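What follows is calculated from the coordinates using simple rules that are stated; it is not laboratory data. The structure presented is a predicted model; accordingly, all values stated were derived computationally and were not measured. For neighbour counting, all protein chains shown are included, and Cβ atoms are generated from backbone atoms with ideal geometry for every residue, glycine included.
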């Protein structure tokens, strides 16, 4: 059944401009008429880069904190690539690791601009890859709409100009890329990432121990997959970022809510052709309601804008959905998962927020930023078939907790 883009009324209380409403409809119509709706499908992979020598540690962290498991590694002239997979049909995770500490490309240059990303100069979430039936035709179509793509010679990392994945240029609004591929991500060899190689016995042992721990503690069956990923952007670029993304991917604008306590809004886009967001996770955009220099009059909290000023426009967190239910220990499943991870030294920003009692609701929590990826992992349990995507009170609490952990102290300004 096709999605009724024209008839759908976005949810939420965030008021969008007439400009946004006009071009949202025009983008939907053009996507259909120019073939993007037919060419582009579900999310097939997420890509992130970490520091040289952080690759295996990142894999271990993902083994402990997510349901993703290591599959294979490849080496090119510039990078090592590690592939992790979850349930069939869910996106693959690709972890890139430069071969040398001297390696420098756009990621290093972007990170150098922001005070809290400089310590991890090569570390950044890169973007997603979506299935595409004809990447050549898609590039021709989107280039006519002023979307830019990488060509050989444009970038130091040949991964971004390979024959198997077509990547856009880095977005001016989000700092993320969008990729497209017709390859079978269940067969990593088909991605032509380089020469396949084996991890050492000690490295494989560390991953096996992490997997065994998760299995022994019953975490594997409780952590399902990525539910959504959230990018933080500047206040004045919120609408542009969403419309750019909708131009490139057949998602729809689900809605937006003001989080007044945090002076921000949460804006959700979702894939209309899946019944389970984990098959093609939602993309969320968060932004201040007013830019920092105007907020200087009001002195309202602004953790979202502060994050962008301190880390740059980039992905903030990835959310893992936890099976809804009551754990034999007497807790909700998400409380059990977080408790076990906490015992293993995984730091969290605050307590689990939300109530799951007799009515549908959400329980959620943020981890602290990973020392390896700089990303936060969110754990979310949607209780009793909760009909919605989030609750404003939960988002406010999570945003406040993250903001306290993301402050940058300099001169006489403390943000």
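Tabulated data
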item: Inter-label distance, nm, simple model (7 Å from Cα along the C-beta direction), residue 299/residue 184; result: 6.3
item: Relative contact order (percent, whole number), the range 250-373, Cα cutoff 8 Å, 6+ residue spacing; result: 13
item: For the range 139-171 and the range 304-336, distance of Cα centres in Å; result: 32
item: Three-way shape call for the chain based on the alpha-carbon gyration tensor, with the a/c threshold at 1.5; result: rounded
item: The range 214-321 shape via C-alpha gyration tensor axes, a/c threshold 1.5; result: oblate
item: Computed [θ] at 222 nm, deg cm²/dmol, the chain (DSSP H ≥ 4; -39,500 (n - 2.57); rounded to nearest 500); result: -8500 deg cm²/dmol
item: Highest average packing first - 235-243, 323-331, Cβ atoms within 10 Å; result: 235-243, 323-331
item: The chain: relative contact order as a whole-number percent, Cα under 8 Å and 6+ apart; result: 17
item: Residue 392/residue 201 FRET efficiency (R0 51 Å; Cβ-Cβ; nearest 0.05); result: 0.55
item: Prolate/oblate/rounded call for the range 51-90, Cα gyration tensor, a/c under 1.5 rounded; result: oblate
item: Bridge type composition, the range 226-304 - antiparallel percent by DSSP, nearest 5; result: 70
item: Antiparallel bridges, percent of DSSP beta bridges restricted to the chain (to nearest 5); result: 70
item: Label point at residue 143 placed 7 Å out along Cα→Cβ; residues across the range 158-200 whose backbone nitrogen lies under 17 Å; result: 160-170, 178-181
item: Extension gain, residue 350 back to residue 208 (0.36 nm per residue minus Cα-Cα distance, nm); result: 48.2 nm
item: Extension gain (nm, one decimal) between residue 105 and residue 220, 0.36 nm per residue minus Cα-Cα; result: 37.8 nm
item: Net length gained if the chain between residue 292 and residue 78 were fully extended (0.36 nm per residue, minus Cα distance); result: 73.2 nm
